[in-house]
Amino acid sequence: LADMLHVVTTAPVGRWICGVLDETTATGSGDLRLALSVPLAHGGAPATVRGSLALGGNDVRVVAGAPTLAGAQGRVDFTEATFAVVAASARLFGGEVSFDGGAQRGEPPRFAARGTFTAEALRHATELGSLARLAPALEGQAAYRATLSFASGQPQLSFVSDLVGVAVDLPAPLGKAAATPAPLRVRTAVGDAPSVVKGSATAPPASASTDTVLVELGSQMRARIVRDAATGRVLRGALQVSDAVAQPDAAALPLPGAGIAASIDLRRLDVDAWQAAANRLLAEPAALAGAAAPAVDANVGGDMPASVDLRAGTVTQGGRRFDRVAATASRKGGTWRADIDADALAGHVEYQPAGGASSTGRAAQGRLYARLSRLSLPKGEPDPPEAAADRSPATLPALDIVVDDFELRGKRLGRLEVAAQNQPGERRVWKVSTFDLTMPEARLTATGTWSAPGPASARRTEMDFDLAVADSGALLDRLGVAGAVRGGRGRLSGSLGWPGSPLSPEPATMNGRVHVAVDSGQFLKASAGVGRLLGVLSLQSLPRRLLLDFRDLFQEGFAFDNVTGDVTVANGIASTNNLRMRGAAAAVLMEGSADLERETQDLRVVVVPEINAGTASLAYAIINPAVGLGTFLAQYLLSKPIAEASTREFHVTGPWDDPKVERAERGGATLSGAASAPAPR
């Protein structure tokens, strides 16, 4: 059969059929029946030919790069002016296909086919190039119709299928169940197919040196790709994904000057789901191992878009939801630049993926640069460890982020500045050199490390911080703890760690230490959250539950000149042994612990209600945290007997919103009946 094809392509017959068999290859033998009529008289009728070629299970490839028709059977009838394929069949893409067609002299041939394909066969179809990477998202089989014609010697293909029988495991809007129809139409054409070029006043002229691939999938997707006809290299293209009911014809999509321009218009876009799908498909073993992938223009970046225009009612990313999103992004070289406007986000973002080599010879890390006018992060659902590990890149990008108006979980936290880079020798650990929050009431400055999740590591943040407070009451109001403190200025500093990101601190899982030094404020009776713990410091519960005349001191909450002490946090349990509050008419010393998750406490409270010559030094003495409150008091009261007479000690336990207060004798004994005595009126 190969010899017969050689005769056809070198004889005048090859010209008659426009050279369409010049690249055809075949295996095996063929059965040829041939009749010739050659006039012997000069000037008589022209010679004629009539023949028939029977295919008996040959493997035939019509053009280079096309799929092989395996085990082809059928008959090719021909004359000096025509040929026709009759009742032919073969195996193609895992299913049976029947085809016929033919041509007249001087006209390009045309073939029509009907058959089925299977998703399993597509995974091994080397002829599909990079498109075969989509095959793992398919399951099942479906029927199709196809036509093959030729123009200027180049093949033109039309493929149509309703995809009934094939399940598509992709996120919305491209995913579907096997029984759901999704009409797919793929066409190729010679040249660019004229239309207005996006961003340009004139369109490049159609040329036989290029071909165009047009794809339409239901009402969800349209694509128009222009390639170099000789190499298959992508030159430019347009992609449109939408969940609108009606879409324009793919041939009407405006083309950019270079690269692929993507337009996405959806009611809902789940970035996490698409990222997981991309990771899954790209991680599949190359079914096309050893197959030559289509050449790619270095400036185009292959099949990846060079620009994206996004409109979405809702975008989900990182477990967080963003509403009414509009974004335009473009890629130049390896850097993406985007302008974004959404309900919770607005500003300019640049992202450069990892790659290349740095001055040290190591692979350069990626970089995320953002200048945002606003950013609001609602509380996201915690990720399963496996999903978090799948989403995290092998090398973390450097961060340079500034947000003028930052909101976290409904709390407006002012201006945020973050700068971080990979820690030397650690691919999945950020070294946070800057983490600053600036608001009218306070400024937080911090440095530390942030470990991303990985196969052998968990997500964790370790930060050294300094919080300079101008108005602690207003700061707590901003943080959602209203009415806990009035006034107060000072500083909190220390180090804390928790299993999460710097933007998701969880008190119930924290470990670390904090030094407190706040002046000129008043603890009030708060009724919500952590404010209830601070409400204990107001000491309002003491006069309500004990027959002690502290109402003049604490009825509106304890007013302090100074609060100092050290707090240690271990797995959500906050402990202190040297917390002291000094006011105009009393000094209060505390030791004990509070459970930040269960909202309970176990505190020892010592109150000296009068500051006089004998007790003033108690309010100003230094309490060494290594010694603790008990040892300090024992030593102090032994040397100052007059102070012991006015000192009162209490044991505070139970929940924050309903503390149990008991008067204790010196030495730790509880006064009989004190806890059950009626509150003074």
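The values are calculated or read from the model by the stated rules, or taken from the named source; none is laboratory data. No experiment lies behind these values; they were computed from the predicted model shown. Don't worry about glycine lacking a Cβ; one is built from the backbone with ideal geometry, like all the others, and counts go over all protein chains shown. Note: accessible area is taken over every heavy atom of the protein model, side chains too, but ligands, DNA and RNA are not part of it. Shrake-Rupley method; radii C 1.70, N 1.55, O 1.52, S 1.80 Å.
From the phi angles alone, apply the Karplus equation (6.51, -1.76, 1.60; θ = phi - 60°) to the range 472-484 and give each ³J(HN,Hα) in whole Hz, x where the residue is Gly or Pro.
Per residue, the Karplus-derived 3J(HN,Hα) values read 5, x, 5, 4, 5, 4, 4, 7, x, 10, 7, x, 8 Hz.
Working with all protein chains in place, sort Lys176, Lys332 by solvent-accessible area computed with a 1.4 Å probe, largest first.
Numbers: Lys176 30, Lys332 160 Å².
Highest to lowest solvent-accessible surface, that is Lys332, Lys176.
Counting only the heavy atoms of the protein chains, how much of Ser307 is accessible to a 1.4 Å probe, in Å² to the nearest 10?
That residue has around 40 Å² of solvent-accessible surface.
For Ala142, enumerate residues with amide H under 5 Å from its amide H, sequence gap 5+ or separate chain, H modeled in the peptide plane.
Those qualifying (amide H under 5 Å, at least 5 residues apart or on another chain) are Phe117.
What dipole magnitude, in Debye to the nearest 20, does the range 410-515 give about its Cα centre under +1 on Lys/Arg Cβ and -1 on Asp/Glu Cβ?
Numbers: 14 positive and 10 negative charges, 21 e Å.
Roughly 100 debye, rounded to the nearest 20.
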